[in-house]
Amino acid sequence: QVHVVESGGGLVQAGGSLRLSCVVSGSSGEVYTVKWYRQAPGKQRDMVASISRSGAPIYSDSVRGRFTISRHNANDTVYLQMNSLKPEDTAVYYCNPDIYDDRRRRLDNYWGQGTQVTVSS
């Protein structure tokens with residue numbers, strides 16, 4: 001059974017930094033593209049960053065230049081380094097990996113439970 005677990009959230013002052021981690025376990029196949037989403041109260045869930053298996057990143061306009069996504073394929077972990085945090089970055093952050101199922105020979109999409117990030121002004 002596949003598990004996707006985020007960690008690293010917390011409370012930080014504006015201008016501070018946090019590093020989120022997303023660990024995938026229980027997968028029989030490879031982890032492909034992984035995306036980080038966030039959802040603030042009363043708002044839709046939006047993608048903030050994405051990284052391909054080869055490491056090519058994509059960022060939303062709202063975080064480009066402040067956030068850095070990276071991955072370590074050997075241990076199926078993806079990181080989101082968040083610098084220069086702003087109060088508007090406050091949200092629950094979710095990891096969203098595409099994982100290949102060797103048995104079913106298909107790509108499946110998963111969500112973690114999320115980790116809360118709160119930035120105080």
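Side notes on the structure shown:
- For the set ASP89, ASP108, ASP61, the ranking by accessible area, highest first and with no ligand, DNA or RNA atoms included, is ASP61, ASP108, ASP89 under a 1.4 Å probe.
- Compared with the alpha-carbon gap, the fully stretched path from SER121 to SER70 is longer by 15.6 nm at 0.36 nm per residue.
- Each of TRP111, TRP36 has its accessible area taken with a 1.4 Å probe; listed largest first, they run TRP111, TRP36.
- Rounded to the nearest 10 square angstrom, HIS72 shows an accessible area of 90 square angstrom against a 1.4 Å probe.
- Positive contributions from Lys and Arg (+1) and negative ones from Asp and Glu (-1), summed over other residues with Cβ under 10 Å from the Cβ of ALA91, come out at 0.
- Check: the chain dipole with +1 on Lys, Arg Cβ and -1 on Asp, Glu Cβ, in debye: 100
- Net charge in the neighbourhood of ALA14 (other residues with Cβ under 15 Å of its Cβ; Lys, Arg +1, Asp, Glu -1) is 0.
- Cβ-derived FRET efficiency at R0 30 Å, SER21 paired with ARG105, nearest 0.05: 0.55
- Rounded percent of accessible protein surface that carbon and sulfur make up, the chain, 1.4 Å probe: 47
- Here the Kirkwood formula, the inverse mean of 1/r across different C-alpha pairs, assigns the chain a hydrodynamic radius of 14.5 Å.
The values are calculated or read from the model by the stated rules, or taken from the named source; none is laboratory data. All values reported here derive from a predicted model rather than from experimental measurement. Methodologically, a virtual Cβ is constructed for each residue, glycine included, from the backbone with ideal geometry; neighbour enumeration extends over all protein chains shown. Just so you know, the surface numbers come from the protein's heavy atoms only, side chains and all, with ligands and any DNA or RNA stripped out. Shrake-Rupley method; radii C 1.70, N 1.55, O 1.52, S 1.80 Å.
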